[in-house]
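Here's the structure, in structure tokens; my notes come after.
The values are calculated or read from the model by the stated rules, or taken from the named source; none is laboratory data. Everything quoted here is computed from the prediction, not taken from an experiment. Counting neighbours? That spans all protein chains shown, and the Cβs are built from the backbone with ideal geometry, glycine included.
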């Protein structure tokens, strides 16, 4: 049987209030995937993966991302990467306005714009490449780039 955590335990682990957790679960932003029973005498039971997702939502909220955008991003990540995706296996980024995911193909996709591709440029390799080109074309000027 899978290890489960009650709402108060999840709150202690994640640092969010029970009211927040209850709201996010009631509105289906996050799930209590082991047991999501409503009513007196019953407690929701959250899985480890549920807690990871709750922490992700909390971090995005702290970054200023609206719940509406988070909800859309979580829906789109399932559509883009598949329903069986382990959320722990992806890298998610945000600039506070949008939310991005890096796929297994090392593509960065905008989850708010339903998977629109985004590109990034690492300047380290460009620096090395440019230095080599200058050295090969103008060897006398290589010392100027190191100054």
Long-range neighbours under 9 Å by Cβ, at least six apart or interchain, first residue within 18 Å of residue 84 (Cα to Cα) within region 104-119, second in a loop (DSSP other than H, G, I, E, B) and modelled with pLDDT of 85 or more: 111/98
Residues satisfying the stated conditions in region 3-32, i.e. farther than 15 Å from residue 55 by Cβ, surrounded by fewer than 16 Cβ atoms within 10 Å (Cβ to Cβ) and in contact with a strand residue (DSSP E or B) (Cβ under 9 Å, 6 or more places away or on another chain): 6
Residues (within 10 Å of the chain's Cα centre (by Cα) and buried (at least 16 other Cβ atoms within 10 Å of the Cβ)) located in region 53-84: 53, 55, 56, 57, 60, 70, 73, 74, 77
